[in-house]
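Written below as structure tokens is the structure these notes are about.
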């Protein structure tokens, strides 16, 4: 789990229930700090963190069934879509995108996922 970010709270980054994986929300942290560069860099890092957390359980982004994206600013929706599509390629999990007042560490975006292996 060395490539996965340390949780910023008292939670587990990923939980397996049979062949189902539930991830905690991932924000754009690297080396213990939020990355600079706005939404683009933060979401790219959050997706890299999500990928790393899934890999700890032998899963990939192609195993993701559903995501929830939390945005501090819904004006970032179009930019989020472009980065999200790059990360998932042709795979299109079900998704919700929700506006929130604030996120941990002042993040602009957070993403969580449900995946299925097997």
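The values are calculated or read from the model by the stated rules, or taken from the named source; none is laboratory data. Remember, it's a predicted structure, so these values are computed and weren't measured experimentally. In this analysis, Cβ positions are derived from the backbone assuming ideal geometry, glycine residues included, and neighbour counts consider all displayed protein chains.
Filter the range 17-28 for residues that are outside any loop (DSSP other than H, G, I, E, B) and surrounded by fewer than 20 Cβ atoms within 10 Å (Cβ to Cβ) and give the result. Spell out the reasoning first.
Of the residues in the range 17-28, the ones outside any loop (DSSP other than H, G, I, E, B) are 17, 20-23, 26.
17, 20, 22 - these are the residues of the range 17-28 that are outside any loop (DSSP other than H, G, I, E, B) and surrounded by fewer than 20 Cβ atoms within 10 Å (Cβ to Cβ).
Could you pull out the residue among 31, 63 that is at pLDDT below 95, over 10 Å from the mean Cα position of the chain (by Cα) and farther than 14 Å from residue 111 by Cβ? Don't jump to the end; show me each part of the working.
Values: 63 fails: at pLDDT below 95.
Residue meeting the stated conditions: 31.
Enumerate the pairs (first residue in the range 86-102 and surrounded by fewer than 11 Cβ atoms within 10 Å (Cβ to Cβ); second residue anywhere and part of a loop (DSSP other than H, G, I, E, B)) with beta-carbon separation below 7 Å, excluding pairs fewer than 6 apart on the same chain, so at least 6 apart or on different chains.
102/72
Just one of 90, 76 is modelled with pLDDT of 95 or more and in contact with a helix residue (DSSP H, G or I) (Cβ under 8 Å, 6 or more places away or on another chain); which is it?
Numbers: 90 fails: in contact with a helix residue (DSSP H, G or I) (Cβ under 8 Å, 6 or more places away or on another chain).
Going through 90, 76 in turn, just one is modelled with pLDDT of 95 or more and in contact with a helix residue (DSSP H, G or I) (Cβ under 8 Å, 6 or more places away or on another chain): 76.
Can you name every residue in the range 88-102 that is under 24 Å from residue 7 (Cα atoms) and in contact with a strand residue (DSSP E or B) (Cβ under 9 Å, 6 or more places away or on another chain)?
88, 95, 96, 97, 98, 99, 100 - these are the residues of the range 88-102 that are under 24 Å from residue 7 (Cα atoms) and in contact with a strand residue (DSSP E or B) (Cβ under 9 Å, 6 or more places away or on another chain).
Here's the yes/no breakdown for (1) assigned to a loop (DSSP other than H, G, I, E, B); (2) farther than 24 Å from residue 79 by Cα:
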position	(1), (2)
9	yes, yes
12	yes, yes
15	no, yes
42	no, no
48	no, no
59	yes, yes
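How many residues are touching a strand residue (DSSP E or B) at 6+ places or on another chain (Cβ under 6 Å), under 18 Å from residue 5 (Cα atoms) and buried (at least 18 other Cβ atoms within 10 Å of the Cβ) when one looks only at the range 55-68?
1
Select from the range 40-53 the residues that are in contact (Cβ under 8 Å) with a residue 40 or more places away in the chain and touching a strand residue (DSSP E or B) at 6+ places or on another chain (Cβ under 6 Å) and write down the one among them that is farthest from residue 117 (Cα to Cα). Show your work before the answer.
Quick first cut of the range 40-53, residues in contact (Cβ under 8 Å) with a residue 40 or more places away in the chain only: 40, 42-44, 46-47, 49-50, 52-53.
Filter once more, keeping what is touching a strand residue (DSSP E or B) at 6+ places or on another chain (Cβ under 6 Å): 42-43, 46, 49-50, 53.
Numbers: 42: 27, 43: 24, 46: 21, 49: 19, 50: 15, 53: 14 Å.
It comes out as 42.
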